[in-house]
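What follows is a short report on a single structure.
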Amino acid sequence: MSASIRLLRCLKASRAFSAVTTEAAAQFPASLMRGSLPAQSDMKERGVHWVFLGCPGVGKGTYASRLSQLLGVPHIATGDLVREELASSGHFAQELADIVNKGKLVSDETIINLLSKRLESGAAKGESGFILDGFPRTIRQAEILDGVTNIDLVINLKLREDVLLEKCLGRRICSQCGGNFNVASIDIKEENGKPGIYMEPLLPPSNCASKLISRADDTEEVVKERLRVYQAMSQPVEEFYRSQGKLLEFHLPGGIPESWPKLLKALNLDDSHEKRSAAA
Ligand SMILES: [Zn+2]
């Protein structure tokens, strides 16, 4: 029986801890199980259990990665897990290659298997907590996750759609070193009470400048379609967490220099940030 079917079966059987712990414990590390969660006061030791939502191009990988460094928890991006598995000789590599090569979406089962494996190996190395990026993507994934671990907070990163589109169209990759850059320079003035927004481009060093290429799928039509698909899929997931009172909507006010301190403030982390800056 596959791991995810076991997880699903547990979930259907009961949402009570006992039912979940007996079968799902084999799949999710014990330290992450809801039944063995420490009290709120031990939150620091347990590490945060956070989820990052946000459409492609919004920069959630950047913010998730910064926060994971600040909080000392792993940043687990399911896109990375898929790429790592594809590059390995792991159990799912061939199956994944078939799916990806046909342009199909990777199934919930496969994603959950990869995530379980990642959490287990992390727990074995003494990791605690996580920031998930790219998961859960569907309501079913959210329900399964909810059955095995207790998510503290879901941060939904938002950016004006016109700006988002421009940012996506401005993405460039260096064909030589693979570095990611963005040539879009956003400087929209305040208008009719709508706040302005300023975002600097992320320009390449001079040795990369002549080798920039854009991704074939970063055309206006494809980006718009990607955003439409994302909205349709993510809305039920957002609603799921909103109804649990766990959703924090964060509207990016600009680029990283402007957004980062405001995000920390929204997360009540501005203290630890200041301490760290002072120590550095
Ligand atoms: Zn380069």
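The values are calculated or read from the model by the stated rules, or taken from the named source; none is laboratory data. Keep in mind that this is a model prediction, so the values were computed, not measured. Every residue, glycine among them, receives a Cβ derived from its backbone with ideal geometry; neighbour counts consider all protein chains shown. Note: areas computed on protein heavy atoms with side chains; ligands, DNA, RNA excluded. Shrake-Rupley method; radii C 1.70, N 1.55, O 1.52, S 1.80 Å.
For this structure, a couple of remarks:
- Qualifying residue in region 47-57 (condition: part of a helix (DSSP H, G or I), over 19 Å from Thr138 (Cβ atoms), open to solvent by 20 Å² or more (accessible area, probe 1.4 Å) and in contact (Cβ under 8 Å) with a residue 12 or more places away in the chain): no
- Options Lys117, Lys167; residue that is open to solvent by 40 Å² or more (accessible area, probe 1.4 Å) and either away from the ligand (no atom under 16 Å from the Cβ) or at pLDDT 95 or above (or both): Lys117
- Count of residues meeting criterion [part of a loop (DSSP other than H, G, I, E, B) and among the basic types (Lys, Arg)] in region 166-216: 3
- Yes/no for Lys246 being within 16 Å of the ligand (Cβ to nearest atom) and of a type in the set (Lys, Arg): no
- Selection within region 134-163 - within 15 Å of Thr62 (Cα to Cα) and surrounded by 20 or more Cβ atoms within 10 Å (Cβ to Cβ): Gly134, Ile155, Asn156, Leu157, Leu159
- Close pairs (6 angstrom Cβ cut-off, 6 or more residues apart or separate chains): over 14 Å from Gly254 (Cα atoms) in region 174-192, more than 10 Å from the ligand (Cβ to nearest atom) and open to solvent by 70 Å² or more (accessible area, probe 1.4 Å) anywhere: Ser175/Ile213; Phe181/Leu202; Asn182/Leu202
- Selected residue (criterion: surrounded by the fewest Cβ atoms within 10 Å (Cβ to Cβ)) from residues of region 208-235 that are without any contact (Cβ under 8 Å) to a residue 24 or more places away in the chain and within 16 Å of the ligand (Cβ to nearest atom): Ser210
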